[in-house]
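Undergrad: One structure coming up, written as structure tokens, with questions to follow.
The values are calculated or read from the model by the stated rules, or taken from the named source; none is laboratory data. The shown structure was predicted, so the numbers you read here are calculated from the model rather than taken from an experiment. Backbone-built Cβ (ideal geometry, glycine too); neighbour counts: all protein chains shown. All accessible areas refer to the heavy atoms of the entire protein, side chains included, with ligands and DNA or RNA removed. Shrake-Rupley method; radii C 1.70, N 1.55, O 1.52, S 1.80 Å.
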Amino acid sequence: VTSPCKILKCNSEFWAATSGSHHLGTEEAPEFCTALRAYAHCTRRTARTCRGDLAYHSAVHGIDDLMVQHNCSKDGPTSQPRLRTLPPGDSQERSDSPEICHYEKSFHKHSAAPNYTHCGLFGDPHLRTFTDTFQTCKVQGAWPLIDNNYLNVQVTNTPVLPGSTATATSKLTIIFKSFQECVDQKVYQAEMDELPAAFADGSKNGGDKHGANSLKITEKVSGQHIEIQAKYIGTTIVVRQVGRYLTFAVRMPEEVVNAVEDRDSQGLYLCLRGCPLNQQIDFQTIRSAQSTEGRARRKGPSLPVPPEAFTYETATAKCREKLPVEDLYFQSCVFDLLTTGDVNFMLAAYYAFEDVKMLHSNKDKLHLYERTRDLAPGNTAPSGNPHALWVVLLCLSQCWLCLL
């Protein structure tokens, strides 16, 4: 399920040791060299398993360059030094960054404010698209989440249990493409038990260009929560590790979402068009599937069973602890507890909704209730008499209860 290549850990350890090194005087240069030798030692330990990893080869070349720049000897101590942190109030922002490297500032005062959209992926996995369509999908293996002129995001989903159709995100790759005088190309990679607070090359901003700080990574909770601000495209990305798996959330202007050279290929990524129909799962099949599984266990070989079995009643009670509103995030939580038995999926749904509250521009659309699987991408719930809609929802809930 996971790659044995641990280059991400090497990168993050080096950055943690040297995060304030550019403020050090020359008298403390040996401490930087010590950290650099420790970095080189870490890459050598994982060399055999990282032969085909681009991030590994980038790190090795970067170490050699830094050794030369700082006149570091390859021989010497390799213990991780504790360098002093940045002075209070030093944000490392460049006040003279080009206006083009700040998306919102590049708009003239008489121009309309940009429209922002949100996409999120969490749990088993559940997808909220840029058009507020909500789906539960299989999508095992590698799938493109976002693909436009400015960045690419790819996720890899793996089975939660051997032989189970339940999958969750085990790896995430984000590529920020080089953009004018603002940023160099940067790659961010995360996987199970490896949530770095730096890009694959060990940096935390957009590189050596004049507007490099318009792309920055901030670690909110070590090993659990990072945030990437790409101000040059008005984009915020949140990546979390909840339990063993990853969640993804993004806030992005519509102009950036739709910035693609090949319109025909635009429908290939999940955040815009959703999952293919043959990859979607309907919540309404949960109870019938459980009944089938129960009969199978009585009549024949057993199917994969979660380590902690939840009933519908215990799952709803557990999810209600964190998600009091019975919207689709709540239903996703119930679904995941029934299919995986892992309470961390409850937290994944909870944090996914917290990210929606932070990132979604329309606070009236935080909760979703409609059965979006039956709607075309980009559509909303049918309009009409609101009382009639409530009658339909009540009937659906009663049908679900009958299945119990």
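Undergrad: Name the residue that is least open to solvent (accessible area, probe 1.4 Å), counting only residues in segment 346-365 that are within 15 Å of Phe248 (Cα to Cα) and hydroxyl-bearing (Ser, Thr, Tyr). Show your work before the answer.
TA: Within segment 346-365, the subset within 15 Å of Phe248 (Cα to Cα) is 347-360.
Retained after the next criterion (residues that are hydroxyl-bearing (Ser, Thr, Tyr)): 350-351.
Details: Tyr350: 54, Tyr351: 79 Å².
Here the residue is Tyr350.
Undergrad: Whether any residue in segment 196-203 is at positive phi and either of a type in the set (Asp, Glu) or open to solvent by less than 10 Å² (accessible area, probe 1.4 Å) (or both) is what I want to check. Give the steps one after another, and end with the answer.
TA: Keep residues of segment 196-203 that are at positive phi, which gives 202.
Retained after the next criterion (residues that are either of a type in the set (Asp, Glu) or open to solvent by less than 10 Å² (accessible area, probe 1.4 Å) (or both)): 202.
Yes, segment 196-203 contains a residue that is at positive phi and either of a type in the set (Asp, Glu) or open to solvent by less than 10 Å² (accessible area, probe 1.4 Å) (or both).
Undergrad: Quick check on this structure: which one of Val343, Val325 is under 20 Å from the mean Cα position of the chain (by Cα), open to solvent by 40 Å² or more (accessible area, probe 1.4 Å) and modelled with pLDDT of 90 or more?
TA: Working: Val325 fails: under 20 Å from the mean Cα position of the chain (by Cα).
Of Val343, Val325, the one residue that is under 20 Å from the mean Cα position of the chain (by Cα), open to solvent by 40 Å² or more (accessible area, probe 1.4 Å) and modelled with pLDDT of 90 or more is Val343.
Undergrad: Hey, another quick one. Determine whether Ala259 is over 24 Å from Leu36 (Cα atoms), touching a Phe, Trp or Tyr at 6+ places or on another chain (Cβ under 8 Å) and in a loop (DSSP other than H, G, I, E, B).
TA: Working: over 24 Å from Leu36 (Cα atoms): yes; touching a Phe, Trp or Tyr at 6+ places or on another chain (Cβ under 8 Å): yes; in a loop (DSSP other than H, G, I, E, B): yes.
For Ala259, the condition - over 24 Å from Leu36 (Cα atoms), touching a Phe, Trp or Tyr at 6+ places or on another chain (Cβ under 8 Å) and in a loop (DSSP other than H, G, I, E, B) - is met.
Undergrad: If you take just the strands (runs of 3 or more DSSP E) that sit entirely in segment 109-181, which of them hold at least 2 residues that are among the hydroxyl-bearing types (Ser, Thr, Tyr)? Spell out how you get there, then give the answer.
TA: Working: elements: 116-122, 126-128, 134-137, 141-147, 151-159, 167-176.
It comes to 116-122, 151-159, 167-176.
Undergrad: Taking the criterion of being open to solvent by 10 Å² or more (accessible area, probe 1.4 Å), assigned to a strand (DSSP E or B) and touching a Cys at 6+ places or on another chain (Cβ under 7 Å), would at least one residue in segment 269-283 satisfy it?
TA: Yes, some residue in segment 269-283 is open to solvent by 10 Å² or more (accessible area, probe 1.4 Å), assigned to a strand (DSSP E or B) and touching a Cys at 6+ places or on another chain (Cβ under 7 Å).
Undergrad: May I pose another question? So which pairs qualify, if the first residue must be in segment 341-359 and in the same structural domain as Ala166 (by the TED database) and among the small types (Gly, Ala, Ser), the second must be surrounded by 19 or more Cβ atoms within 10 Å (Cβ to Cβ) and modelled with pLDDT of 95 or more, the Cβ gap must be under 7 Å, and the two must be at least 6 apart or on different chains?
TA: none
Undergrad: When only residues in segment 228-265 that are under 22 Å from Ser178 (Cβ atoms) and free of Cβ contacts under 8 Å to residues at least 24 places away in the same chain count, which is surrounded by the fewest Cβ atoms within 10 Å (Cβ to Cβ)?
TA: Per the stated criteria, the residue is Asp262.
Undergrad: For a quick check of your reading of the model, give me the residue pairs whose first member lies in segment 162-174 and is touching a residue at least 12 places away in the same chain (Cβ under 8 Å), whose second is of a type in the set (Gly, Ala, Ser), with beta-carbon atoms closer than 7 Å and at least 6 apart or on different chains.
TA: Ala168/Gly123; Leu172/Ala190
Undergrad: Could you identify the single residue in Gly76, Gly52, Gly25 that is touching a Lys or Arg at 6+ places or on another chain (Cβ under 7 Å) and either at pLDDT below 80 or farther than 30 Å from Thr169 by Cβ (or both)? Quick ask: steps written out before the conclusion?
TA: Numbers: Gly52 fails: touching a Lys or Arg at 6+ places or on another chain (Cβ under 7 Å); Gly25 fails: touching a Lys or Arg at 6+ places or on another chain (Cβ under 7 Å).
Being touching a Lys or Arg at 6+ places or on another chain (Cβ under 7 Å) and either at pLDDT below 80 or farther than 30 Å from Thr169 by Cβ (or both) holds for just one of Gly76, Gly52, Gly25, which is Gly76.
Undergrad: Residues that are closer than 30 Å to Gly341 by Cα, out of contact with any helix residue (DSSP H, G or I) (no Cβ under 6 Å at 6 or more places or on another chain), of a type in the set (S, T, N, Q) and at pLDDT 90 or above: does segment 172-187 have at least one?
TA: So far as segment 172-187 goes, yes, one or more of its residues are closer than 30 Å to Gly341 by Cα, out of contact with any helix residue (DSSP H, G or I) (no Cβ under 6 Å at 6 or more places or on another chain), of a type in the set (S, T, N, Q) and at pLDDT 90 or above.
Undergrad: From the list Asn157, Asn149, pick out the single residue that is polar (S, T, N, Q) and surrounded by fewer than 16 Cβ atoms within 10 Å (Cβ to Cβ). Outline the logic, then answer.
TA: Details: Asn157 fails: surrounded by fewer than 16 Cβ atoms within 10 Å (Cβ to Cβ).
The conditions single out Asn149.
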